[in-house]
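Scroll down for the structure; my scribbles are underneath it.
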Amino acid sequence: MAADTRDGTPRPAGPNQLWALSSAAFAVFLASWALSWFQAYGLDDDLPNTCDDVRRQVFPTDVSCVSADRTVTGGTPGWLVVLFFASLVVAVLSGTMASAVSSAARRR
């Protein structure tokens, strides 16, 4: 099969790897969101019944209990929050770059 050429120069294959990176990062984002939701509403769902100072967070979901001596029970682990936001940033940036490269390749 001959390569796609225009004016004798080969055209780039396109941003397939960028789209794959964006899709993979978005899948990690959704998985980390599901894990934090499960942590908050599956495992830590009974904390409001046993705790006076319940802290809730919506994005990413978090339910934790802060006791009188300032110790925290429950809550989403820090590495999961970092993974959540980092994968969201990577998905948005790589998706934007892939879209820009696609539109530039179409104009050539």
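Kindly evaluate residue 43 against the criterion of being at pLDDT 75 or above, under 30 Å from residue 106 (Cβ atoms) and open to solvent by 30 Å² or more (accessible area, probe 1.4 Å). Full working, then the answer.
Working: at pLDDT 75 or above: yes; under 30 Å from residue 106 (Cβ atoms): no; open to solvent by 30 Å² or more (accessible area, probe 1.4 Å): yes.
Judged against the criteria, residue 43 is not a match.
Mind listing whichever residues of segment 47-106 are part of a loop (DSSP other than H, G, I, E, B), open to solvent by less than 80 Å² (accessible area, probe 1.4 Å) and of a type in the set (D, E, K, R)?
Going through segment 47-106, the residues part of a loop (DSSP other than H, G, I, E, B) turn out to be 51-53, 58-61, 67-71, 75-77.
Next cut, open to solvent by less than 80 Å² (accessible area, probe 1.4 Å) only: 51, 53, 60-61, 67, 71, 75-77.
Across segment 47-106, the qualifying residue is only 53.
What are the residue pairs meeting all of these: first residue in segment 72-89, first residue touching a residue at least 12 places away in the same chain (Cβ under 8 Å) and under 18 Å from residue 55 (Cα atoms), second residue of a type in the set (Ser, Thr, Tyr) and part of a loop (DSSP other than H, G, I, E, B), Cβ atoms under 8 Å, and 6 or more apart or on different chains?
73/67; 76/61
The values are calculated or read from the model by the stated rules, or taken from the named source; none is laboratory data. Bear in mind the structure is a predicted one, so any value in this text is a computation, not a measurement. When we count neighbours, we look across all protein chains shown, and the Cβ atoms used for this are built from the backbone with ideal geometry, even at glycine. Please note that ligands, DNA and RNA were not included when accessible areas were found on the heavy atoms of the full protein model with its side chains. Shrake-Rupley method; radii C 1.70, N 1.55, O 1.52, S 1.80 Å.
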